[in-house]
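Working notes for the structure below.
The values are calculated or read from the model by the stated rules, or taken from the named source; none is laboratory data. Note that this is a predicted model, so its numbers are computed, not measured. Cβ placement follows ideal geometry from the backbone for every residue including glycine, while neighbour counts extend to all protein chains displayed.
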Amino acid sequence: MKPLLPAQITQILESINSGDKEAVHELFLLVYENLRKMARSRLAQEKGQTLQTTALVHEVYLRLLQDESPRWENRRHFFAVAAEAMRRILVENARRRSSLKRGGDRKKVDFSEDMVAVTNHPELLIAFDQALSRLQTKDPIMGEVVHLRCFAGMTVKEVALSLQISPRNVDRHWAAAKAWLYREIQQTGK
């Protein structure tokens, strides 16, 4: 991601938290390219995705504006909220596509890092989302690692900086989460 000046973001977040609604627009102008990079990374893995990068970023913007008084604690929190909004938009899009294709047996599929990129089978994205929600309840750190890796498109190093843990711990959480999600999705597909 393009490095942003933390002081600028902190100042804007303080303005937003003080009730300055115009500061939200200023924040989005400042982080727009970073959000596009997140969206581009996410959509690059989505073969046949109907959403475009700009549309996904604008949808995230609209979702975040729906909150009458947003309170983002810091830069990490803001990007985590934006990544969660991207996740929800992609899952809703998959559900819409899946509802058009109801029926048929579920397919057993091995878990891979780009599981969330399977667009020919939106039911897999839905199963992944449900499993990820269970993981986030069971182990919030592991869930956050998956969330940031899969939906924010962050590298291990970026996740480590964001969560303030070592890259080695990120790798450990990532490996454990993939194994757990694989089992969950495999059980769902039976």
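Can you tell me which condition Gly103 does not meet? The list is (1) loosely packed, with under 13 Cβ neighbours inside 10 Å; (2) at pLDDT 85 or above; (3) not basic (Lys, Arg), and all the others hold.
Here Gly103 meets the rest and fails (2).
Does Leu56 satisfy being within 19 Å of Ala80 (Cα to Cα) and over 15 Å from the mean Cα position of the chain (by Cα)?
Taking the combined requirement at face value, the residue does not satisfy it.
Can you tell me which residue is surrounded by the fewest Cβ atoms within 10 Å (Cβ to Cβ) among those in region 24-43 that are in contact (Cβ under 8 Å) with a residue 24 or more places away in the chain and of a type in the set (A, V, I, L, M, F, W, C)?
Of everything passing the filter in region 24-43, Leu30 is surrounded by the fewest Cβ atoms within 10 Å (Cβ to Cβ).
Across region 150-168, what is the total count of residues that are part of a helix (DSSP H, G or I), closer than 27 Å to Leu125 by Cβ and out of contact with any helix residue (DSSP H, G or I) (no Cβ under 7 Å at 6 or more places or on another chain)?
1
Every residue, every condition in (1) under 16 Å from Gly153 (Cβ atoms); (2) modelled with pLDDT of 85 or more; (3) more than 16 Å from the chain's Cα centre (by Cα), yes or no:
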position	(1), (2), (3)
Ser41	yes, no, no
Ala44	yes, no, no
Gln66	no, no, yes
Phe79	yes, yes, no
Ala94	no, no, no
Lys108	no, no, yes
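Cβ-Cβ under 7 Å, sequence separation 6+ or interchain: first residue in region 1-23 and assigned to a helix (DSSP H, G or I) and of a type outside the set (Asp, Glu), partner modelled with pLDDT under 80 and surrounded by 14 or more Cβ atoms within 10 Å (Cβ to Cβ). Which pairs?
Ile16/Pro70
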